[in-house]
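Quick notes on the structure that follows.
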Ligand code: F0G
């Protein structure tokens, strides 16, 4: 028995990729097609370990990736599969893709000025096929689901994961189940899941309740779970670091700033940059900072109590926020599943975890709009956070900064309209009572009633100059 175990362990150790438990005291290894979400031995988070080549191979790799930008091959058209040498799939597996990735990096001069910086770049992951960053991870998770022979894929979601999974499941011909908190996801996101044909289970409770439930449900062998606790999601999502570095011609920005919800994104970026450094494609890590909304900030609270220099080993537990509140519904999360990996990414790169208020999120969002870019509220935590980090000296004026915008502006048009019309309640839902205090937007742009004549229109324009 023991011999068989040892043989299996030796075999895994020689495979091109394995799943490994990140708990230092455990470190259990599993094969790449073993169907697991957490360590079977200690329940710890799993991470996929791809064997990386030497830096000589790396130079070849970056050339290969450059050539693929002009290739018509479906794998090369995808901003995820283009980097397939660093993904845990054999060459030639059938992939489920919507040509995800390939998202732009924009200069944002007004947002930069707002943050107190001469320049700021925004990588807009909202330009993905379903309008959020989730697609980069989902293409990998659903490809793995098909390889495992799954019939049903499922997730808990604040809306974007659900929309993304629903789309990829439809492409793969799989049944899709999404668990969403009733009344707490935006109409636009819900509409996407409906249209892509998912079975939508509206759950009485919040996202954390949905997340707890999905973990129970996916014990059932007929269900394959696609939340970011699933390490294959992280594999797809880590390629955002590769694409960004290629776009930056391999010049590492000083800071990368991301919103923090369930913490898959920050974990994935940490892994992606770590792998690039391991390969010698970059020489140093950007500082990865995570921004949370004040009312849903369990990691920021934990971080504030840490002495960053002495945070090894990582803390064992995180105190959840019982009743998380924010108008940025995408990140209304009190008990993030991937907090350990995310905290590790922050500490290894000397980044920060901080909070921003509802007012700060709303004004930063409007500023991103003024740059002609736009994003959903959760994404704007980054710009609000950068403004704060600049004011506190954590970001210096001469440093280069990239914010990751995670979702498209049209994901939450109610919020946009209410902000500009001055009716956005300061509370935790966009449909609060009429008497609730309102956010006084600093950058409101109120639609005007104008008479149906040429002169009235010209007069209106003159008044606005
Ligand atoms: N921004 C947007 C637009 C999101 O939808 C999410 C998460 C985040 C940021 C936070 O990213 O969870 O990786 O830290 N949305 C998940 C969902 C929870 O179900 O759509 P994270």
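Figures for the structure shown
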quantity	calculated
Net length gained if the chain between residue 444 and residue 423 were fully extended (0.36 nm per residue, minus Cα distance)	6.5 nm
Compactness relative to 2.2 N^0.38 Å, alpha carbon Rg of region 245-292	1.14
Whole-number D in µm²/s for region 213-362 (Stokes-Einstein; Kirkwood sum over Cα pairs; 25 °C, 0.890 mPa s)	152
Between helix 264-279 and the chain: long-axis angle, C-alpha atoms, 0 to 90°, nearest 10	60
Inter-label distance, nm, simple model (7 Å from Cα along the C-beta direction), residue 314/residue 67	3.8
P(r) weight above 14 Å for region 230-311, C-alpha pairs, percent	66
Distance (nanometres) between label positions extended 7 Å along Cα→Cβ at residue 457 and residue 307	6.8
Separation of the residue 392 and residue 91 label points, Cα + 7 Å toward Cβ, nm	4.8
Order by protection proxy (mean Cβ within 10 Å, highest first), peptides 170-181, 343-354, 37-48	343-354, 170-181, 37-48
Three-way shape call for region 317-433 based on the alpha-carbon gyration tensor, with the a/c threshold at 1.5	oblate
Inter-part distance where region 205-225 and region 261-279 are each reduced to a Cα centre, Å	25
Extension reserve of the residue 325-residue 222 stretch, reckoned as 0.36 nm per residue once the Cα distance is removed	33.7 nm
Under the Debye formula (equal points on every Cα, no solvent term), log10 I(q)/I(0) of the chain at q = 0.10, 0.13 Å⁻¹	-0.71, -1.21
Gap separating the Cα centres of region 50-89 and region 107-154, nearest whole Å	19
Highest average packing first - 329-336, 255-262, 123-130, Cβ atoms within 10 Å	255-262, 329-336, 123-130
Length added when fully stretched, residue 195-residue 51, from 0.36 nm per residue minus Cα-Cα	47.9 nm
Distance histogram in 10 Å bins (all Cα pairs of region 150-214, percent per bin)	26, 58, 16, 0
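Bear in mind that the values in this text are calculations on the coordinates, not laboratory data. This one's a predicted model, so the numbers in the text were calculated from it and none came from an experiment. All Cβ positions, glycine included, derive from the backbone under ideal geometry; neighbour counts span all protein chains shown.
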